[in-house]
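Working notes for the structure below.
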């Protein structure tokens with residue numbers, strides 16, 4: 001069996017950047033966009049990258065994860081919010097929970113990423129009573145997210161991936 005494949009879903013390019021860093025850290029050239037519907041049956045270790053949608057992995061990634069069986073899985077993702085916030089922690093746990101029970105989750109990682117400008121425009125139209133509305137605090141979060149994932153995030157992802165697979 002081949003050793004490690006990296007499969008990712010990306011909306012704004014954030015998760016692709018992290019996936020490339022993870023692949024580099026694990027010295028694999030087997031990197032696939034989930035849209036390619038990759039056949040990973042020949043790999044015993046899979047790194048799965050997602051972007052957070054409503055507090056968990058995006059639908060394409062969840063669908064891909066459901067096809068995995070008897071694999072060692074490292075799960076990584078990006079989100080617009082602070083990854084250390086309750087939402088960030090919940091999202092990381094929820095995404096890892098999408099991996100089938102007959103697989104072994106060997107590690108997980110999440111970092112902040114730029115937010116799709118279309119999403120920000122949608123947030124700006126929401127009433128201030130909505131948790132995603134354009135409050136001063138949210139606008140600062142959106143501004144902070146613009147610089148992510150940064151080099152520090154990518155290095156942290158590489159470290160987490162190596163630790164997950166003892167490399």
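What does the C-alpha gyration tensor say about the overall shape of the stretch 1-87? Classify as rounded when a/c is under 1.5, otherwise prolate if a/b is larger than b/c, or oblate. The shape class here is prolate. Packing, taken as the mean count of other beta carbons within 10 Å per residue, orders the peptides 53-65, 131-143 from highest to lowest as 53-65, 131-143.
Tell me what the chain gives for mean residue ellipticity at 222 nm when only DSSP H runs of n ≥ 4 count, each as -39,500 (n - 2.57), the sum divided by the residue total, rounded to 500 deg cm²/dmol.
-11000 deg cm²/dmol
Based on Cα contacts under 8 Å between residues 6+ apart, the chain shows a relative contact order of 24 percent. Each part gets one Cα centre, and for the stretch 84-100 versus the stretch 1-63 those centres are 16 Å apart. In terms of its C-alpha gyration tensor, the stretch 110-167 comes out prolate, because a/c is 1.5 or above and the ratio a/b outweighs b/c.
Once you have the alpha carbon radius of gyration of the chain, what is it after dividing by 2.2 N^0.38 Å, with N set to its residue count? Expressed relative to 2.2 N^0.38 Å, the Cα Rg reads 1.03.
Full extension of the chain segment joining residue 93 with residue 44 gains 15.4 nm, where the gain is 0.36 nm per residue of separation less the Cα-Cα distance.
Peptides 69-75, 117-123, 32-38 ranked from most to least packed by the mean count of surrounding Cβ atoms within 10 Å: 69-75, 32-38, 117-123.
Every read-out reported here was derived from the displayed coordinates using simple, explicitly stated rules and does not represent laboratory data. Since this is a predicted model, take the numbers as computed values, not measurements. Note that we place each Cβ from the backbone using ideal geometry, even for glycine, and neighbour counts take in every protein chain shown.
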